[in-house]
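The next block holds one structure in the form of C-alpha cells; read it before the comments.
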Amino acid sequence: MWLNFILMSENNHTPNRYTITAALPYTNGPIHIGHLAGVYVPADIYARYLRLTGKEVAFVCGSDEHGVAISMKAKKEDVTPKEIIDKYHTIIKKSFQDFGITFDNYSRTSADVHHETASEFFKKLYEQSDFIEETTAQLYDEEAKQFLADRFVIGTCPKCGHEEAYGDQCENCGSSLNATDLINPKSTITGSTPTTKETKHWFLPLDRYEGFLREWILEGHKNDWKPNVYGQCKSWIDGGLEPRAVTRDLDWGIPVPVEGGEGKVLYVWFDAPIGYISSTKEWAEREGKDWEPYWKDENTKLVHFIGKDNIVFHCIIFPAILKSHGGYILPENVPANEFLNLEGNKLSTSKNWAVWLHEYLEEFPDMQDVLRYTLTANAPETKDNDFTWKDFQARNNNELVAILGNFINRVVVLTNKYYEGVVPAPSNFTELDRETLDTLKKYPEIISTSLERYRFREAAQEFMNLARLGNKYLADEEPWKVIKQDEERVKTIMYVALQIAAGLAVLSEPFLPFTSSKLKEILAVGSSAEETSWNDVSTKETLLTAEHKINQSQLLFRKIEDSEIQKQLDKLEAAKKANENENKVVTPQKDTITFDDFTKLDMRVGTIIEAEKMPKTKKLLVLKVDTGIDTRTIVSGIAESFKAEDIIGKKVTVLVNLAPRPLRGVESQGMILMTENKEGKLVFVNPDEDGVGNGEGIN
Ligand SMILES: [Zn+2]
C-alpha cells in the first residue's frame, strides 16, 4: 500500500508548463453563446486557474480564415474572402477581449507565420513520403465549373442518414467523410447534382496510424478522457480508418507548396490545427520567449478545448500529422463539450437563432460575468444542454445577487459601519468559527479537483457553495443583533466573515474575473497573482489581517428585471418570424399580360344568397350568388374553410365571364375569388382582413 503510494507520486509529477488551445473560430460570422459555452469559457477558466497556481501558460487561439465556409460567405455577400475575414476577425477579436477571454495570443490563419508553418508541415510529410498521391474522380459542379468538397456539397450521411451532411463531415454523428461517400450529393453553389471529374490529390493514409492511435488513445487515455470523446474515437478506430485527402481544388487557402500542387490549396483541417503552433510562435516572438518547449518538451501538457463536432480533427487527424512530422508532443486531453441549444432549438447562425456575444455586450454592459456564470453553471459537458433567458435571470437574481452579492455587501457595509473599514482583531474563536475557517481552507483543493477533471459546472457550484457558507455563517451569527449586547464577539464574527470574503475574491477569478477584480478593489487586496495566489487561501494563516483597511462597498451584481428578459424573448421571436417569411415559398409571377387581356376579365361584386354542401364531397359548396346582373349557381371548393350557413349574406368578388363548367353534375357559372391566410385557410379576397400576406395568389 505504502510502496504503491510512493511509486504513484513519483510518476505523477505535475507539469509546470501548459499549452492550452481553444478551437479557431471560422471568420464567417460572429461568436455566439454556443461557442462560448462549448469552448471559450471553459478554456479561459482553466487558463486563469493555472496562472493563479503559478503555472507557465500559453493560451492560444486565432481566426480560422480558410476553408469553404469563408468562400461561401463571400459569394453570398458578393465580396472577396479577404473582406469577409477582415470584417469578422475584427468583430470576433474585439468581442473576446471585451468578454475577458485571456488569450495570450489571438492570431489568424492568413498571417505569414501560419502560411510558413503549415507549408513546412506539408513539405516535411511530403518529403518523408507520408502522403499517398492519387488521381481520383471527385464531385464536380458543371454549372459552377468547380470541384465540390467540404461545405460546397451536402448529402445524406452514409453512417447515420442525416440529410445535411457536408462533404468532409457529418455534424450530426461527428463522422469524418469524403465527399464521394455522400448519398444524393447536391452542390450548395448551384443546387445541381454533381458529376465527377478526375483530379490529383494528396491523401493522409490514416489507416497506417491505427496501431499508434489504438495504443495512444484506446489504451493510454481510457480513464482520463471524457467518455463522449473516448467513445467517438473508439468507434472511428474500430470502424476502420481510411486515407483522407489533405488538398483541395479551391482558390482560397494556403497553396500546396510542392510540385504539381498548382491551383490547389491545403484542406482547411490540415492547416487549421497547425494554427495553434503558429499562434504560439507569434506570441513567443512578441514576448521574447522560446516557443519550442510549449510544443516539443515532453513535460508540457497540451490541452485542446473544442466542441464535439471537432473531435475527429483533434484526436485522429491532427495527432497523426504531429506524429508523422515528429518532434511534437501530443495532446494530454481533449475535453470536448456537447452542444448548447437556445430556448429548446438548435443554435443556428444562418437562421439567426442565437445570442450574439457582441450584441449581448452592448445590451448588458458590464455584465460579462453573469453570462460566464450562466454558461458555466449550465455547461453542456456530458450532454446537449439548453440556454434559456429565464435560467439566465434566475442564476443572476437567485445566486449571484442573492448569495454572493448579498454576502459581500453585508460584510463590507458592516465593517465600514462598525469599524470604519478596518479589519477588527478577533478574540476567542468558537467551535463554529474554527470549523468555518477550516472549511474555507479546503475550498482551493475542492475546486481544483473539479477543474483538473474538466468539470467546470461542478467547480462553479463548489465556488458558489463557499459564498453560501459565508451567507449562512452571517445569518446564523447575526452580528447586527449581537452588536447590541456583545461588541467583542462581533469583532470575531466580522473577522471570520472577512476571511471568507477574501477567499471569494481569489477563488472567483477564473469564473467571475470582473467581479474578482472589483472584490479585490473593495477589500484592498493585491490584484496580481503573486500577491494573492490560489493556494494562499489554504496555506496563509489569515488573508486579511487585523488593522488592514478595506474600501467602501460597490455594486457587484444588479437584479435583472422581467422586462429585460421579455425583450430578449421578443427578439428571438422576431428572428423566428423573419426566418419563416424568408423560407416561405411564393409562387413566381406569371407571364405578363396586356391591358386588353385584363379587360377581358369581367369581375363583379356579388352576394351569396344560398349555400349548401355538395353531397358526397369534402370540399365543394354549391352557392347561389346575386351578381347584380343575375342570380347564378357557382360551385366553389371552399367547404373545408367555411360552413355553408356562415357565408350566406357575404359580399364576394365574382369572375362572371368564366366559361361554365360542370362539377359533379352541377354547372358552375363563374368563380369566386379566394386567397389563403397565413394558417393556410381559404378566405374571401379582402386583403385587409384575416392576415392575408403579400404575394398570396388570388384564384
Ligand atoms: Zn452522420
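The values are calculated or read from the model by the stated rules, or taken from the named source; none is laboratory data. Fair warning: this is a prediction, and the values are worked out from it, not measured in the lab. Because the Cβ atoms are built from the backbone with ideal geometry, glycine has one as well, and the counts that use them run over all protein chains shown. Areas reflect the complete protein model, heavy atoms only, side chains present, ligands, DNA and RNA absent. Shrake-Rupley method; radii C 1.70, N 1.55, O 1.52, S 1.80 Å.
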Cα-based helix-to-principal-axis angle, 487-507 vs the chain, degrees rounded to 10 | 60
Phi angles of region 304-312, converted by Karplus (6.51 cos²θ - 1.76 cosθ + 1.60, θ = phi - 60°) into ³J(HN,Hα) in whole Hz with x for Gly and Pro, give 9, 9, 8, x, 5, 6, 10, 4, 4
Vicinal HN-Hα couplings computed from phi for region 101-108 (Karplus, 6.51 cos²θ - 1.76 cosθ + 1.60; Hz; Gly/Pro x) = 7, 8, 4, 6, 8, 10, 9, 8
Straight-line reach from Lys159: which lysines have Cα under 22 Å away, leaving out those fewer than 8 places along the same chain?
-> Lys186, Lys234, Lys308, Lys346, Lys383
Quick calc: nm separation of the 7 Å Cα→Cβ label points for Val605 and Lys323 -> 8.2
Lysines with Cα under 24 Å of Lys613, excluding same-chain neighbours fewer than 8 positions away | Lys624, Lys643, Lys650, Lys651, Lys681
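With 17 Å as the cut-off, how large is the P(r) tail for region 90-205, expressed as percent of Cα-Cα pairs? Numbers along the way, then the final one.
Details: 4536 of 6670 pairs.
Across region 90-205, Cα pairs with separations above 17 Å total 68 percent.
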Between the Cα axis of helix 81-99 and the main Cα principal axis of the chain, the angle (0 to 90°, nearest 10) is 50
Using only Cα atoms, find the angle between the long axis of helix 68-77 and the longest principal axis of the chain, and express it within 0 to 90 degrees, rounded to the nearest 10.
-> 50
The chain: relative contact order in percent, alpha carbon pairs under 8 Å with at least 6 residues between = 11
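Find the percent of Cα-Cα distances in region 535-635 that exceed 22 Å, and round it to a whole number.
Above the 22 Å cut-off, region 535-635 has 76 percent of its Cα pairs.
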Paired Rg and Dmax values of region 399-484, which use every Cα atom, in angstrom | 14.9, 48
Mean projection area, nm², convex hull over Cα of region 595-684 = 6.4
Within the chain, cysteines having no neighbouring cysteine beta carbon under 4.7 Å are Cys61, Cys233, Cys315
Taking a cut-off of 23 Å between Cα atoms, list the lysines near Lys417, but don't count ones fewer than 8 places away on the same chain.
-> Lys472, Lys481, Lys484, Lys491, Lys518, Lys520, Lys549
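For region 188-263, with every protein chain kept in place, what is the accessible area per residue (1.4 Å probe, Å²)?
In whole numbers, region 188-263 has 49 Å² accessible per residue.
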Debye equation applied to the C-alpha atoms of the chain, log10 I(q)/I(0) at 0.12 Å⁻¹ | -1.26
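Can you order the peptides 178-191, 547-560 by their average number of other Cβ atoms within 10 Å per residue, highest first? Write down the numbers at each step before the final one.
Details: 178-191: 17.3, 547-560: 15.1.
Ranked from most to least packed, the peptides come out as 178-191, 547-560.
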Taking the Cα centre of the chain as the origin and placing charges on Cβ (Lys, Arg +1; Asp, Glu -1), which of Met671, Leu213, Leu404 is farthest toward the positive end of the dipole?
-> Met671
In debye to the nearest 20, how big a dipole does region 565-678 give about its Cα centre with +1 on each Lys and Arg Cβ and -1 on each Asp and Glu Cβ?
-> 380
